[in-house]
Each structure stands twice: as C-alpha cells, then as structure tokens.
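Only one structure is covered here, and it is reproduced in the block below.
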Amino acid sequence: MSHKDTVVILGLCVASLCGFIGVGIWSTADSVATAPLSAQDDPALDALEKSAQSPSGTASTFKQLGAAYIASGRLREAVSAYISASALAPGDPEIQRALITLQAMAEARGRH
C-alpha cells in the first residue's frame, strides 16, 4: 500500500469518526461554552491556537490545544484539534483515546 493510499484511508476513517462524534456535539446549540474564549480570558489557549495555526504546527501542539479545549468545555473545537493532530500523526494512540473520550462525553450529554 502506498503512502497516498494510507493517507486516503486515514482521511476516510477520520471523516467517519468525526461524523460519529460530530453528530452529537454539533447537533445542538446548548453546548457548555459556545462562545470562544478571548485572549484575555485564557492567554495560554490563545498562544496554543496561534502556534497550531502556524505552518510549523505539530501534532503535539494540536493535542495540547485539544486538551485545553476539553478543559474549557469547547468540545467542537477539541474534535477539530484532535482531527488535525491525527492528520499529522496517523495512528497515534493518544489521539485515538482523546477522540473516543470526546465521543463518550457527547453520548453522556445525550447528544448522539
């Protein structure tokens, strides 16, 4: 299997997982924190966001950003951050566990 085939398969897996998780998280408007935090509210989160958006953003940066989003109740953004991390580090078990945790959180809140 070529590298390109692997990337395509990973993309399909991530898309289906995102659909699985996303349906619950994005389907309702009453999330814990729908408004993004401003830089004044959490400068560390702002720094992580800027680092992740830079061309040198790494899987580790996206994982840290995902964890910070979970801690602040921003589950939608956490899913996006972990999916970005997964694209940079396919098969990383820490990322897979985080996405499974997010799915469980969505199910526990009755949004599936």
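Here are a few things to note about the model shown:
- Of S60, S72, all but one fail to be surrounded by fewer than 18 Cβ atoms within 10 Å (Cβ to Cβ), under 14 Å from the mean Cα position of the chain (by Cα), modelled with pLDDT of 50 or more and within 16 Å of M105 (Cβ to Cβ); the exception is S72.
- Only one of the numbered conditions (1) in a helix (DSSP H, G or I); (2) of a type in the set (G, A, S); (3) under 24 Å from P43 (Cβ atoms) is not met by G57, and that is (1).
- Residue count for the range 67-105, restricted to those that are assigned to a helix (DSSP H, G or I) and farther than 24 Å from D42 by Cα: 10
The values are calculated or read from the model by the stated rules, or taken from the named source; none is laboratory data. Keep in mind the model is a prediction, meaning the values are calculated, not measured. Positions of Cβ are generated from backbone atoms using ideal geometry, with glycine treated the same way; all protein chains shown enter the neighbour counts.
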